[in-house]
Amino acid sequence: MSVDKKIVLDRVAMIREDVVRLKKMADMSLAEFKSDPDNYAVAEHHLRRASESVLDIGRHIIAKSGFTKATDYTQIIDILGENGVIPHEFAKEFRKIGGFRNRIVHMYWKVTTDELYEVIKNDTDKLVQYTKYIVKHIDKTGA
């Protein structure tokens, strides 16, 4: 079994599209972001979709590469780091994406507007960096 390059690159493209939308919102002031409730809904949607794509890519690479199976979302990122798909140091910081995805999906009522704004303001570049590492891995392994 090998990694399906099309599946991975389709998800990479989706993450990059979501980041474009998130960066527009991150350019707003907090007051402007809070002024329209639709901003929260749009940001939440794109952050959730990008997070799901991150995890889909990770699960696919793990399964097709025969790496240890993840038992939760944060472990997906850890396993990618342990196996050199993404740098280990990056994985340690980026692993919270799985946890935040869970909060958006399962504990959405606890995610405040301020918290969501801080994530899109401070963490969208990490999504872009992840896609770069993934593409580099795919190119290196010839998947």
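None of the figures in this text is laboratory data; all of them are computed from the coordinates on show. Here the structure is a predicted model, which means the values were calculated and not measured. Note that each Cβ is placed from the backbone with ideal geometry, even for glycine, and that neighbours are counted across all protein chains shown.
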Next item on the list: Using a Gaussian network model of the chain whose springs link C-alpha atoms within less than 10 Å, name the residue from Asp36, Asp114, Asp123 with the highest mean-square fluctuation.
Entry: Asp36
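Any idea what % of Cα-Cα pairs in the chain are farther than 26 Å? Don't skip to the end; give the middle numbers.
Numbers: 2350 of 10153 pairs.
The share of Cα pairs beyond 26 Å in the chain comes to 23 percent.
Strictly over 28 Å apart at the Cα level, which of Lys6/Lys110; Lys92/Lys140; Lys5/Lys34; Lys6/Lys126; Lys34/Lys132; Lys24/Lys136 would you flag in this model? If you can, show how the numbers build up before the last one.
On the way: Lys6/Lys110 36 Å; Lys92/Lys140 22 Å; Lys5/Lys34 39 Å; Lys6/Lys126 22 Å; Lys34/Lys132 31 Å; Lys24/Lys136 26 Å.
Listed pairs above 28 Å: Lys6/Lys110; Lys5/Lys34; Lys34/Lys132.
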Check: Using r as the Cβ-Cβ distance of His60 and Lys34, and R0 as 35 Å, what FRET efficiency do you calculate, to the nearest 0.05?
Finding: 0.45
Check: Say each of Glu115 and Asn102 gets a label point 7 Å from the Cα, pointing the same way as Cα to Cβ; how far apart are those two points in nm?
Finding: 1.3
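Given a cut-off of under 8 Å on Cα pairs at least six residues apart, what relative contact order in percent is computed for region 5-141? It would help to have the intermediate numbers written out before the result.
Details: 133 pairs, mean separation 44.4, N = 137.
Result for region 5-141 is 32 percent.
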Checklist line | region 5-104: trypsin sites (Lys or Arg not before Pro) falling in loop per DSSP and having at most 13 other Cβ within 10 Å | finding: Lys69
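What number, rounded to the nearest 500 deg cm²/dmol, is the helix-based mean residue ellipticity at 222 nm of the chain, given -39500 (n - 2.57) per DSSP H run of at least four residues and division by all its residues?
Values: 7 runs with 114 residues, N = 143.
The helix contribution divided over the chain gives -26500 deg cm²/dmol.
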Next item on the list: Compute the length gained on full extension between Phe90 and Ser2: take 0.36 nm times their separation in residues and subtract their Cα-Cα distance, giving the result in nm to one decimal.
Entry: 29.2 nm
